[in-house]
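Here's the structure, in structure tokens; my notes come after.
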Amino acid sequence: MRIVTYNIHGWRTAENQPNLNGVINTLQQINADVIGLNEVYHPRVVAGSDKPALAALAALAERLGMHFVFGPCLRWPAQDDMPANAYGNALLSRWPILAGAVHHLTSKEEDPQRLLETKEQRGLLEGRILLPNGATFTVYSIHLDHTSEEARNIQLRVARTWLGRDRNRSHVVMGDFNAISLWDFADNQAGLDELSAHPKGRNLTNLPDGPKIIAQMEKAGYVDLHRQFNPPGERSYLGAQTPIRIDYIFASQPLAPQAIGCGIELEADEVSDHRPVWADFA
């Protein structure tokens with residue numbers, strides 16, 4: 001089984017050109033069985049579809065021969081009532097998706113600074129997939145705040161209230177965490193200092209004790225599959241001068257022993273401002 005996570009930049013390239021065909025071609029080449037997408041507009045229609053009236057996400061699923069579910073980050077009365085600019089995460093699967101659930105990453109606690117009220121709403125999309133052997137498999141696609149480690153901490157705390165239900169089962173949590181792993185900078189203090197000094201990079205390192213999001217995932221028992229199979233210092237986000245990896249596939253403890261490979265796709269740099277990350281399981 002191959003799983004991939006990909007931030008598709010709202011159906012636009014970094015140069016603000018339509019990228020539906022690029023996304024389709026990239027994902028066809030990767031040939032994944034399960035796909036998580038971030039920064040998805042649905043049911044937006046964009047240039048590049050064989051059927052001009054078909055929403056981009058539906059067109060992508062049709063071309064890949066996959067089922068899909070969309071998780072809007074903002075609440076709407078019903079899926080059919082969503083405007084074309086509804087924004088969120090998506091899951092696609094070669095096999096049937098038995099159920100999907102959208103979890104909004106809004107703190108249920110009273111936040112003294114009311115931090116999240118000034119931030120873009122983010123979400124966790126859960127999908128339960130029926131595998132060919134009749135077993136079910138749960139995947140989560142997540143997208144955390146891009147401006148503040150404090151906001152990400154709140155959002156991850158909320159997400160873990162949902163993830164905890166699958167603690168003892170095989171599952172994957174993947175997506176754009178907008179957070180770095182200090183492991184990637186173990187031998188590159190100069191790169192970390194450069195990132196910390198840059199206006200757009202400070203939010204990745206701006207807590208007094210340093211970045212903690214990825215460490216929290218690992219402390220909770222999740223395995224960073226890229227770290228398991230690759231050297232540090234690789235790049236999944238193209239918009240920073242310092243190579244940074246902010247897109248992850250985490251395997252739960254029961255699933256991690258079945259992982260046999262993980263990598264970052266390097267042949268898609270003209271499609272989005274992120275690169276796809278893939279992982280293979282026996």
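Quick note: the coordinates plus some simple rules give every number you see, no bench work behind them. The structure displayed is predicted, hence computed values, not measured ones.
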With eigenvalues of the C-alpha gyration tensor scaled by 5 and rooted, region 214-282, Å: 23, 14, 9
Residue among Ile35, Ile24, Ile264 with the largest mean-square fluctuation in a Gaussian network model of the chain, springs linking Cα atoms under 10 Å: Ile24
Most fluctuating residue given options Asn178, Asn16, Asn133, as computed from a GNM of the chain linking Cα atoms under 10 Å: Asn133
For the chain: lysine pairs under 24 Å (alpha-carbon distance), excluding those fewer than 8 apart on one chain: 6
Gaussian network model of the chain, Cα within-10 Å springs - most flexible of Glu234, Glu265, Glu194: Glu194
The chain: radius of gyration and largest Cα-Cα distance (Dmax), Å: 17.8, 51
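At 10 °C and 1.306 mPa s, what whole-number value in µm²/s does Stokes-Einstein give for the translational diffusion of region 1-59, with Rh from the Kirkwood sum over Cα pairs? Don't skip to the answer; put the middle values down first.
On the way: Rh = 11.8 Å.
The estimated diffusion coefficient comes to 134 µm²/s.
Assign one of three labels to region 173-263, namely rounded, prolate or oblate, based on the Cα gyration tensor with a ≥ b ≥ c the square roots of its eigenvalues; rounded applies when a/c is under 1.5, prolate when it is not and a/b is larger than b/c, and oblate otherwise.
Verdict is prolate for region 173-263.
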